[in-house]
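Report on the structure given below.
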Amino acid sequence: MGWLCCLLLVLGIARGQEPYRDLSTAGVQFNGPGREIPAPDTLSAVRLGLLGPAQSAAGQELRQGVMQAVAEANAAGGYGGLPFAVVFRPDDGPWGVVASQVVRLAQEDQVWAVIGGLDGERAHAAELVAAKLWVPVLSPGAGDRTIDYANVPWMFRCLPDDRAQADLLVRACAQQGWRRIGVATEATRDGRTALARLLEAARACSLALALQVEYHPADPVAVAPRLGRAQAQALVIWGRPATALPLIARLRRQGCTLPMLGPALLALPEVAAQGQSLGELIVAAPADLSAPAPEALGSQPSYVALFAYDTTRLVIAALRHSGLNRARLRDELTRLPFAGLTGPFTFNSLGGRREDPVLMVARQGRWQRWQDE
């Protein structure tokens, strides 16, 4: 039968047919039971699960955004008079901790949805549990596009994906005439996934990579001499702030004046505040970070706080339409018209948000749109 499959594949290609099914446009549905379950009538609060690090700045920003959205919802009457309540479970430590915490949130705490997953590894771990326990999980901070590929109808990625970020950065290089770019990616799962996206984007724009290196998180500056010697017109540094910023700073101290570009991970207020010490730094920010935000989130809130705030507001709006039923809530999340501070929320059929990132540059300690500089 193998030869017959090959023959059919060749015939399909000859007729202009793709040899696969594009699930991102095919539609993923949840066809199981659950929509018939009535809402409980003994609740004292409507619980939302929150999963994130307890001991990091990003974790604090995540909680800040969620709590602000819940406070506003409760001030507006909650859910039919019932208050919304947040149940926080920390996911510090190995990413495997995530699975057990999602189980506790879904079964012990009886939350209606889980908000969390600030990187690809943790989002994937939460996704595996969501597929079994049938609880909506929304990630406000992970841009890993492979989250969508798992084809789990209970998982929603709310950040623009790494492919969209890579495309935007590479197109910016091409438009500026920077035809030879150097690329440095962190030696993590997310960094390696990003490298594949950057290579795809570079091929699409016919750009040459002057140098491609991977740096170890424990010693990111070790690759600085190689990058400094690269015959490049621009550098793309893709990693977490804790590793990418020391590398950028070392390159600047070495005298590197090339424009540098980075992912959404670097679109933080503390990065913009470093000003000229980082030189020209352009990021594929997940949203327009120069737009106004609620005072409670700060004068220049982190994108993590903004996306956590918007994601929570989306869940609350969907609950008010769906009622207290997880399956109907999942359905409502896929179709509810909603626009937040970070723009409209529209998901593809795999649960990935469609909105594109925005090129931002640090100027005078703040982020502003690159084309408006």
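Quick check, is ALA126 closer than 30 Å to GLU61 by Cα, touching a strand residue (DSSP E or B) at 6+ places or on another chain (Cβ under 6 Å) and among the hydrophobic types (A, V, I, L, M, F, W, C)?
Yes: the conditions hold for ALA126.
Regarding region 293-309, can at least one residue be identified that is part of a helix (DSSP H, G or I), surrounded by 17 or more Cβ atoms within 10 Å (Cβ to Cβ), over 15 Å from the mean Cα position of the chain (by Cα) and assigned by TED's automatic domain parsing to the domain that holds ARG171?
For region 293-309, residues part of a helix (DSSP H, G or I), surrounded by 17 or more Cβ atoms within 10 Å (Cβ to Cβ), over 15 Å from the mean Cα position of the chain (by Cα) and assigned by TED's automatic domain parsing to the domain that holds ARG171: absent.
Taking the condition of being among the aliphatic types (A, V, I, L, M), in a helix (DSSP H, G or I) and touching a Cys at 6+ places or on another chain (Cβ under 9 Å), how many residues in region 224-247 meet it?
The total comes to 2.
Quick check: anything in region 192-204 assigned to a loop (DSSP other than H, G, I, E, B) and either outside the structural domain of GLY120 (by TED's automatic domain parsing) or farther than 23 Å from SER139 by Cβ (or both)?
no
PRO217 is checked against (1) at pLDDT 95 or above; (2) touching a helix residue (DSSP H, G or I) at 6+ places or on another chain (Cβ under 7 Å); (3) crowded, with 22+ Cβ neighbours inside 10 Å and fails just one. What number does that condition carry?
(3)
Under 9 Å by Cβ, and 6 or more places apart or on different chains, what pairs join a residue from region 61-73 that is touching a residue at least 12 places away in the same chain (Cβ under 8 Å) and more than 13 Å from LEU48 (Cβ to Cβ) with one that is acidic (Asp, Glu) and surrounded by 24 or more Cβ atoms within 10 Å (Cβ to Cβ)?
Note: no pairs meet the criteria.
Quick one: count up the residues across region 269-286 that are assigned to a loop (DSSP other than H, G, I, E, B), surrounded by 24 or more Cβ atoms within 10 Å (Cβ to Cβ) and among the aliphatic types (A, V, I, L, M).
0
Is it the case, given these coordinates, that PRO217 is in contact with an Asp or Glu (Cβ under 9 Å, 6 or more places away or on another chain) and in contact (Cβ under 8 Å) with a residue 60 or more places away in the chain?
Judged against the criteria, PRO217 is not a match.
Within region 170-181, is even one residue assigned by TED's automatic domain parsing to the domain that holds GLN231 and of a type in the set (S, T, N, Q)? Working first, answer last.
Narrowing region 170-181 to residues assigned by TED's automatic domain parsing to the domain that holds GLN231: 170-181.
Filter once more, keeping what is of a type in the set (S, T, N, Q): 175-176.
Yes; the residues of region 170-181 include at least one that is assigned by TED's automatic domain parsing to the domain that holds GLN231 and of a type in the set (S, T, N, Q).
Got a sec? Which of VAL87, VAL111, VAL103, VAL137 is closer than 20 Å to ILE37 by Cβ, touching a residue at least 24 places away in the same chain (Cβ under 8 Å) and touching a Lys or Arg at 6+ places or on another chain (Cβ under 8 Å)?
Of VAL87, VAL111, VAL103, VAL137, the one residue that is closer than 20 Å to ILE37 by Cβ, touching a residue at least 24 places away in the same chain (Cβ under 8 Å) and touching a Lys or Arg at 6+ places or on another chain (Cβ under 8 Å) is VAL111.
Is there a residue in region 332-347 that is among the basic types (Lys, Arg), surrounded by fewer than 19 Cβ atoms within 10 Å (Cβ to Cβ) and not in a loop (DSSP other than H, G, I, E, B)? Steps first, answer last, please.
Narrowing region 332-347 to residues among the basic types (Lys, Arg): 335.
Filter once more, keeping what is surrounded by fewer than 19 Cβ atoms within 10 Å (Cβ to Cβ): 335.
Next cut, not in a loop (DSSP other than H, G, I, E, B) only: 335.
Looking through region 332-347, at least one residue is among the basic types (Lys, Arg), surrounded by fewer than 19 Cβ atoms within 10 Å (Cβ to Cβ) and not in a loop (DSSP other than H, G, I, E, B).
Would you check if PRO83 is out of contact with any Phe, Trp or Tyr (no Cβ under 6 Å at 6 or more places or on another chain) and more than 27 Å from ARG240 (Cα to Cα)?
Yes, satisfied.
In region 94-127, how many are of a type in the set (Lys, Arg) and either outside the structural domain of PRO140 (by TED's automatic domain parsing) or within 14 Å of the chain's Cα centre (by Cα) (or both)? I'd like the intermediate steps shown before the answer.
In the first step, residues of region 94-127 are kept if they are of a type in the set (Lys, Arg); the result is 104, 122.
From what's left, either outside the structural domain of PRO140 (by TED's automatic domain parsing) or within 14 Å of the chain's Cα centre (by Cα) (or both): 122.
Total satisfying the criteria: 1.
With respect to LEU159, determine if the residue is touching a Phe, Trp or Tyr at 6+ places or on another chain (Cβ under 7 Å) and more than 19 Å from PRO259 (Cβ to Cβ).
Values: touching a Phe, Trp or Tyr at 6+ places or on another chain (Cβ under 7 Å): yes; more than 19 Å from PRO259 (Cβ to Cβ): yes.
So LEU159 fits the description; yes.
Any residue that is touching a strand residue (DSSP E or B) at 6+ places or on another chain (Cβ under 7 Å), of a type in the set (D, E, K, R) and at pLDDT below 95 - is there at least one of those in region 229-237?
Pass one, region 229-237, residues touching a strand residue (DSSP E or B) at 6+ places or on another chain (Cβ under 7 Å): 230-237.
From what is left, the residues that are of a type in the set (D, E, K, R) are none.
No, every residue in region 229-237 fails to be touching a strand residue (DSSP E or B) at 6+ places or on another chain (Cβ under 7 Å), of a type in the set (D, E, K, R) and at pLDDT below 95.
The values are calculated or read from the model by the stated rules, or taken from the named source; none is laboratory data. Predicted model, so just to flag it, every value in this text is computed and none were measured. Quick reminder, even Gly has a Cβ in these numbers, built from the backbone with ideal geometry, and neighbours come from all protein chains shown.
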